[in-house]
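Shown next, in structure tokens, is the structure this report addresses.
The values are calculated or read from the model by the stated rules, or taken from the named source; none is laboratory data. Note that this is a predicted model, so its numbers are computed, not measured. Note that we place each Cβ from the backbone using ideal geometry, even for glycine, and neighbour counts take in every protein chain shown.
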Amino acid sequence: MTAIQAKNLTLAYGQKPIFAELDLAIPKGKITVFIGSNGCGKSTLLRSLARLLKPQGGAIMLDGSEIAKLSSKEVARRLAILPQGPIAPEGLTVHQLVKQGRYPYQSWLQQWSHEDEKQVSRALEATHMDEFSARSVDSLSGGQRQRAWIAMTLAQNTQTILLDEPTTYLDMTHQIEILDLLFELNEREQRTIVMVLHDINLACRYAHHIVAVKDGLIHAQGEPESVMNERLIQEVFDLKCQVATDPIFGTPMCIPYGKGRRLSPETRKTPIGAL
Amino acid sequence: MNRWITIRNRVMSYQINRRTAFVIGMLIIANLAAIVVCTGLGSLYISPLEVARTILGIGDSTNSMIILSLRLPRVIIAVLVGSALAVAGALLQGIVRNPLTSPDVIGISGGASLGTVVFILYFSHVSVRFMPLSAMAGAFATAFLIYLFAYRKGITPMRLVLIGIGMATALTALTYMLILTASFTPTAVAVKAFTFMTGSIYGVSWERDVRTLLPWLIVLLPVALLYARHLNVQELGDEVATSVGSRVNVQRTILLIISVALAGAAVAIGGAINFIGLMAPHIARKLVGPAYGGVIPVSGLIGSLVLLLSDLVARTAFIPLDIPAGVFTAAIGAPFFIYLLYRHRNRA
């Protein structure tokens with residue numbers, strides 16, 4: 001089953017082409033993660049899937065219908081995207097922010113239906129933001145702030161959720177917290193989640209499907225266990241590494257070469273598992 | 001205590017912040033009190049009670065002529081012009097996501113002024129009834145030009161502000177040049193034009209001014225309030241607004257038209273009164289937070305109150321001189337603007 005499908009997609013920023021005639025299918029009810037080096041176009045691709053960028057050619061299909069032909073509200077009831085580093089106006093409370101997620105369901109007269117109220121409190125609970133609902137967004141810590149924005153996205157109650165680097169600028173604890181939250185959403189409610197992540201190891205841990213992007217092309221895609229290897233990392237990131245097995249999750253884990261304090265001929269020979 | 005009031009029935013549902021409702025209530029009371037007191041004050045003092053009774057039509061006062069035909073129109077115009085400018089400013093600040101903007105900063109008021117000054121200088125033989133149309137035409141022409149220059153696959157707020165500031169400066173220069181170079185201009189006409197440039201609601205009447213301005217506001221203010229929810233999502237950035245299903249560029253254009261029409265109408269009657277459009281929305285945000293459902297009505301009420309008080313000072317402080325109210329809004333506004341710049345100095 002396909003949630004979003006790009007057909008013959010051509011994207012460009014001004015005159016500069018980024019993707020040409022690209023085909024891509026995002027599996028429904030799964031977590032898909034885009035990986036790739038900086039500037040490879042993975043964010044662009046994600047944003048175009050959510051109609052934030054108008055393609056020069058080709059089409060995006062959402063649940064089988066062409067996204068450009070659906071009304072903006074119609075799309076917003078099926079698909080939500082959280083862009084990178086959004087900024088809330090000074091003094092806006094978490095409750096007020098999360099409420100904005102109900103916009104596609106509201107009208108001049110109906111601005112706070114029972115359903116709106118239910119979805120907002122559900123989103124606040126799911127993100128554990130209910131206790132902060134009266135706080136202003138700008139007074140929160142980075143992790144809480146990101147959770148507030150995710151809550152807004154959840155209040156939109158869409159089958160498909162796209163997130164552009166949801167863990168950037170967060171410390172390790174908060175990264176795990178956000179990813180666990182998204183994982184649970186997928187697990188419990190079978191929502192389709194598509195995101196851009198920088199951390200390859202976390203991508204392997206959470207993603208059902210990985211899409212490796214390089215220079216405007218899909219370099220490889222599939223289950224992390226089958227696509228992730230030294231050659232892929234070398235080709236996509238231009239980085240020499242060893243791929244080991246994550247001792248807790250059993251998922252692929254990339255350990256890059258480079259310089260380091262204890263690098264010596266002996267440690268280099270030792271298999272990674274024994275370090 | 002619950003912080004929200006929920007209104008919900010078969011046709012509609014709204015959630016209103018209790019604090020916002022309280023602030024609006026208090027401001028309505030303050031405005032009513034100011035209307036009564038301002039009407040009473042002047043070269044002849046009339047007690048608030050007498051004013052209130054006359055306005056309500058109970059009891060007959062010997063001063064009813066002064067109250068009803070001289071002072072009340074001016075007070076009502078202060079309310080209308082002040083609230084229109086303030087709401088125009090609130091909308092504009094939301095549209096361009098920049099709190100340092102208002103119709104006078106980006107040249108919309110300047111366009112309306114130019115329209116009016118052209119009218120005063122060259123069309124004084126035509127009925128004065130057409131003056132507002134001339135102001136509106138100036139405001140819309142300016143907005144159109146700003147839009148045209150700022151357009152590049154949609155409107156980005158930053159370009160709009162920068163081009164607007166340039167326009168404002170150019171328009172002011174052009175207006176002064178017109179006044180100064182029109183050598184055939186009789187001094188009286190030039191003085192009238194200068195007074196207009198400062199912003200004055202001296203000598204307004206029911207028939208000409210109130211009746212011209214009121215219909216505009218009756219239509220535009222409720223529409224502005226209905227558009228609050230579109231403005232709320234735009235404030236989260238174009239991408240988030242698109243994600244939740246807003247047609248960002250269409251709504252931005254409509255909001256801009258509402259703002260320009262409000263500013264144009266206000267300038268046509270009140271002249272280029274500065275700073276209300278800048279100040280009122282700020283005070284409103286301090287009182288009720290950034291959600292536009294609250295900011296729009298509260299700005300309007302504050303704008304009205306500020307102009308009522310400014311005009312009171314303007315016409316009573318130097319009796320028998322009647323100074324343009326714009327002088328006083330500028331006297332409070334300019335330091336306020338510096339304070340804002342200072343406060344926002346660390347923000348991008």
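For the range B:227-256, how many residues meet the condition of being under 24 Å from the mean Cα position of the chain (by Cα) and charged (D, E, K, R)?
3
If I go through the range B:136-155 residue by residue, how many of them are of a type in the set (Ser, Thr, Tyr) and loosely packed, with under 15 Cβ neighbours inside 10 Å?
Residues that pass the stated criteria total 1.
Any residue at all in the range B:31-46 that's within 26 Å of the chain's Cα centre (by Cα) and either within 14 Å of chain A (Cβ to nearest Cβ) or of a type in the set (D, E, K, R) (or both)? Steps first, answer last, please.
From the range B:31-46, those within 26 Å of the chain's Cα centre (by Cα) are B:31-42; that's our starting set.
Those still in the list that are either within 14 Å of chain A (Cβ to nearest Cβ) or of a type in the set (D, E, K, R) (or both) too: none.
Scanning the range B:31-46 turns up no residue that is within 26 Å of the chain's Cα centre (by Cα) and either within 14 Å of chain A (Cβ to nearest Cβ) or of a type in the set (D, E, K, R) (or both).
For the range B:295-326, what are the residues that are surrounded by fewer than 24 Cβ atoms within 10 Å (Cβ to Cβ) and in a loop (DSSP other than H, G, I, E, B)?
Within the range B:295-326, B:Ala317, B:Phe318, B:Ile319, B:Pro320, B:Leu321, B:Asp322, B:Ile323 qualify.
Does the range B:192-205 hold any residues that are closer than 24 Å to B:Ser259 by Cα and at pLDDT 80 or above, and which are they?
B:Val204
So, of the residues in the range A:200-224 that are assigned to a loop (DSSP other than H, G, I, E, B) and either of a type in the set (Phe, Trp, Tyr) or touching a Cys at 6+ places or on another chain (Cβ under 9 Å) (or both), which turns out to be surrounded by the most Cβ atoms within 10 Å (Cβ to Cβ)? Full working, then the answer.
Kept after step one, since they are assigned to a loop (DSSP other than H, G, I, E, B), are these residues of the range A:200-224: A:207-208, A:215-216, A:223.
Subset that is either of a type in the set (Phe, Trp, Tyr) or touching a Cys at 6+ places or on another chain (Cβ under 9 Å) (or both): A:215-216.
Numbers: A:Asp215: 13, A:Gly216: 17.
Of everything passing the filter in the range A:200-224, A:Gly216 is surrounded by the most Cβ atoms within 10 Å (Cβ to Cβ).
Just one of the numbered conditions (1) part of a helix (DSSP H, G or I); (2) modelled with pLDDT of 95 or more; (3) among the hydrophobic types (A, V, I, L, M, F, W, C) is not true of A:Leu181; which one?
Result: A:Leu181 passes all but (2).
Is there a residue in the range A:21-43 that is within 14 Å of chain B (Cβ to nearest Cβ) and surrounded by fewer than 19 Cβ atoms within 10 Å (Cβ to Cβ)?
No: zero hits.
Quick one: is A:Gln156 within 14 Å of another protein chain (Cβ to nearest Cβ) and at pLDDT below 95?
So A:Gln156 fails the test.
Can you go through B:Leu32, B:Leu27, B:Leu56 and tell me which one is of a type outside the set (Gly, Ala, Ser) and closer than 23 Å to B:Ala317 by Cα?
Unique residue meeting the criteria: B:Leu32.
Do you know which of the residues in the range A:75-101 that are part of a helix (DSSP H, G or I) and at the interface with chain B (Cβ under 8 Å from one of its Cβ atoms) is farthest from A:Arg191 (Cα to Cα)?
A:Gln96
Does A:Ile255 satisfy being part of a strand (DSSP E or B), hydrophobic (A, V, I, L, M, F, W, C) and out of contact with any Pro (no Cβ under 9 Å at 6 or more places or on another chain)?
yes
Hey, does the range B:236-257 have a residue that's crowded, with 24+ Cβ neighbours inside 10 Å and away from every other protein chain (no Cβ under 14 Å)?
No, the range B:236-257 contains no residue that is crowded, with 24+ Cβ neighbours inside 10 Å and away from every other protein chain (no Cβ under 14 Å).
Residues being touching a Lys or Arg at 6+ places or on another chain (Cβ under 9 Å), more than 9 Å from chain A (Cβ to nearest Cβ) and closer than 21 Å to A:Gln106 by Cα: count how many of those fall in the range B:1-17.
Matching residues across the range B:1-17 total 1.
Exactly one condition in (1) of a type outside the set (Lys, Arg); (2) within 29 Å of B:Met131 (Cα to Cα); (3) more than 19 Å from the chain's Cα centre (by Cα); (4) within 14 Å of chain A (Cβ to nearest Cβ) is not met by B:Ala224; state its number.
(3)
From (1) out of contact with any strand residue (DSSP E or B) (no Cβ under 9 Å at 6 or more places or on another chain); (2) within 14 Å of chain A (Cβ to nearest Cβ); (3) not acidic (Asp, Glu), pick out the condition that doesn't hold for B:Thr195.
The single condition B:Thr195 does not satisfy is (2).
Cβ contacts < 8 Å: first residue closer than 27 Å to B:Ser246 by Cα, restricted to the range A:26-53; second residue of a type in the set (Asp, Glu) and surrounded by fewer than 21 Cβ atoms within 10 Å (Cβ to Cβ), any location; separation 6+ or different chain. Result?
A:Gly41/A:Asp215; A:Ser43/A:Glu165; A:Arg47/B:Glu239; A:Leu52/B:Glu239
Select the helices (runs of 4 or more DSSP H) contained entirely in the range B:71-188, then report the ones holding at least 2 residues which are under 30 Å from A:Gly14 (Cα atoms).
Helices (runs of 4 or more DSSP H) meeting the threshold: B:72-95, B:131-150, B:157-181.
Yes or no: the range B:261-277 includes at least one residue that is β-branched (Val, Ile, Thr) and either within 14 Å of chain A (Cβ to nearest Cβ) or farther than 17 Å from B:Val87 by Cβ (or both).
no
Could you please let me know if B:Ser43 is surrounded by fewer than 19 Cβ atoms within 10 Å (Cβ to Cβ) and touching a Pro at 6+ places or on another chain (Cβ under 9 Å)?
The answer is yes for B:Ser43.
Checking B:Leu305 against (1) within 14 Å of chain A (Cβ to nearest Cβ); (2) hydrophobic (A, V, I, L, M, F, W, C); (3) under 20 Å from B:Ile76 (Cα atoms), only one condition comes out false. Which one?
That leaves (1) as the condition not met.
Every residue in the range A:187-199 that is more than 25 Å from A:Gly39 (Cβ to Cβ) and buried (at least 18 other Cβ atoms within 10 Å of the Cβ), please.
A:Arg191, A:Thr192
Every residue, every condition in (1) within 16 Å of A:Leu46 (Cα to Cα); (2) in contact (Cβ under 8 Å) with a residue 24 or more places away in the chain, yes or no:
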| site | (1), (2) |
| --- | --- |
| A:Pro166 | yes, yes |
| A:Leu185 | no, yes |
| A:Leu197 | yes, yes |
| A:Asn201 | no, yes |
| A:Val227 | no, no |
| A:Gln234 | no, no |
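Let's see how each residue does on (1) away from chain B (no Cβ under 14 Å); (2) modelled with pLDDT of 95 or more:
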{"site": "A:His128", "(1), (2)": "yes, no"}
{"site": "A:Gln146", "(1), (2)": "no, no"}
{"site": "A:Thr167", "(1), (2)": "yes, no"}
{"site": "A:Asn186", "(1), (2)": "yes, yes"}
{"site": "A:Val194", "(1), (2)": "no, yes"}
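Could you grab me the full set of residues in the range A:111-156 that are crowded, with 20+ Cβ neighbours inside 10 Å, touching a helix residue (DSSP H, G or I) at 6+ places or on another chain (Cβ under 6 Å) and not in a helix (DSSP H, G or I)?
Answer for the range A:111-156, where residues must be crowded, with 20+ Cβ neighbours inside 10 Å, touching a helix residue (DSSP H, G or I) at 6+ places or on another chain (Cβ under 6 Å) and not in a helix (DSSP H, G or I): A:Thr127, A:Met129, A:Gln156.
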